[in-house]
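Asker: My questions all concern the structure below.
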Amino acid sequence: MRIDVVGRNLEITPAIKDYAQSKADKFPKYFDGVQATTITVSKDDHHTHGRFDVDMVIDVEKHSNFIAKAHDPDLYAAVDQAFAKAQRQLHDFKEKLKQNNHR
């Protein structure tokens, strides 16, 4: 599975990249059809204060991409929130597939 971490208006440090990748590495546990994840981290303000926006685009087999967005003054909290949303989407999709297969 490919994982890309992209920064807009901020530099992606190794710590941020490692943290985001460690979260994305867990997606196949929730749905094994995950092919790639793109995590875009942006900052709405170039100064020290501001809000971080995190967009996760999860490319899966036989379905359109799942998209999870989160905003928070704390970058790591924003990554966590986006991960939780994406995790829920993947879990719900997997459950829906299971229900359709049992009919």
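Asker: Quick check, is Ala68 hydrophobic (A, V, I, L, M, F, W, C), more than 17 Å from Asp92 (Cβ to Cβ) and in contact with a strand residue (DSSP E or B) (Cβ under 9 Å, 6 or more places away or on another chain)?
Answerer: No: the conditions fail for Ala68.
Asker: Now, a different point. Being among the aliphatic types (A, V, I, L, M) and assigned to a loop (DSSP other than H, G, I, E, B) narrows it down to one of Ile67, Ile12, Ile39, Ile58, so name that one.
Answerer: On the way: Ile67 fails: assigned to a loop (DSSP other than H, G, I, E, B); Ile39 fails: assigned to a loop (DSSP other than H, G, I, E, B); Ile58 fails: assigned to a loop (DSSP other than H, G, I, E, B).
Only one candidate qualifies: Ile12.
Asker: Just to be sure, is Gly33 of a type in the set (Gly, Ala, Ser), in contact with a strand residue (DSSP E or B) (Cβ under 7 Å, 6 or more places away or on another chain), at pLDDT below 95 and on the phi > 0 side of the Ramachandran plot? Walk me through how you get there before you give the answer.
Answerer: On the way: of a type in the set (Gly, Ala, Ser): yes; in contact with a strand residue (DSSP E or B) (Cβ under 7 Å, 6 or more places away or on another chain): yes; at pLDDT below 95: yes; on the phi > 0 side of the Ramachandran plot: no.
No, not satisfied.
Asker: Which one of these is polar (S, T, N, Q) and under 13 Å from Phe83 (Cβ atoms): Gln21, Gln35?
Answerer: Gln21
Asker: I would also like to ask the following. On the given criteria, is Lys62 of a type outside the set (S, T, N, Q) and loosely packed, with under 15 Cβ neighbours inside 10 Å? Please lay out each step first, then the result.
Answerer: Numbers: of a type outside the set (S, T, N, Q): yes; loosely packed, with under 15 Cβ neighbours inside 10 Å: yes.
Yes.
Asker: Also: When you look at Lys69, is it surrounded by fewer than 19 Cβ atoms within 10 Å (Cβ to Cβ), charged (D, E, K, R) and within 21 Å of Arg2 (Cα to Cα), yes or no? Working first, answer last.
Answerer: On the way: surrounded by fewer than 19 Cβ atoms within 10 Å (Cβ to Cβ): yes; charged (D, E, K, R): yes; within 21 Å of Arg2 (Cα to Cα): yes.
Judged against the criteria, Lys69 is a match.
Asker: Restricting the search to the stretch 73-99, which residues are modelled with pLDDT of 95 or more and either touching a Lys or Arg at 6+ places or on another chain (Cβ under 7 Å) or hydrophobic (A, V, I, L, M, F, W, C) (or both)?
Answerer: Of everything in the stretch 73-99, those that are modelled with pLDDT of 95 or more and either touching a Lys or Arg at 6+ places or on another chain (Cβ under 7 Å) or hydrophobic (A, V, I, L, M, F, W, C) (or both) turn out to be Ala77, Ala78, Val79, Ala82, Phe83, Ala84, Ala86.
Asker: Separate question: Among the numbered criteria (1) at pLDDT 95 or above; (2) assigned to a loop (DSSP other than H, G, I, E, B), which one does His49 miss?
Answerer: It fails just one condition, (1).
Asker: Among (1) free of Cβ contacts under 8 Å to residues at least 60 places away in the same chain; (2) within 14 Å of the chain's Cα centre (by Cα), there is one condition Tyr30 misses while meeting the rest; what is its number?
Answerer: (1)
Asker: Continuing with the same structure: Restricting to the stretch 58-103, name every residue that is farther than 16 Å from Thr37 by Cβ and of a type in the set (A, V, I, L, M).
Answerer: Across the stretch 58-103, the qualifying residues are Leu75, Ala77, Leu97.
Asker: Let me ask something else about it. Give me the residue from the stretch 15-36 that is in a strand (DSSP E or B) and of a type in the set (A, V, I, L, M) and, out of that set, surrounded by the most Cβ atoms within 10 Å (Cβ to Cβ). If you could, list the steps in order and put the result at the bottom.
Answerer: So in the stretch 15-36, the residues in a strand (DSSP E or B) come out as 34-36.
With the extra rule that they be of a type in the set (A, V, I, L, M), the set shrinks to 34, 36.
Details: Val34: 22, Ala36: 15.
Looking at the filtered set, the residue picked out is Val34.
The values are calculated or read from the model by the stated rules, or taken from the named source; none is laboratory data. Just so it is clear, the structure is predicted and the values come from calculations on it, not from any experiment. We place every Cβ from the backbone using ideal geometry, glycine too, and count neighbours over all the protein chains shown.
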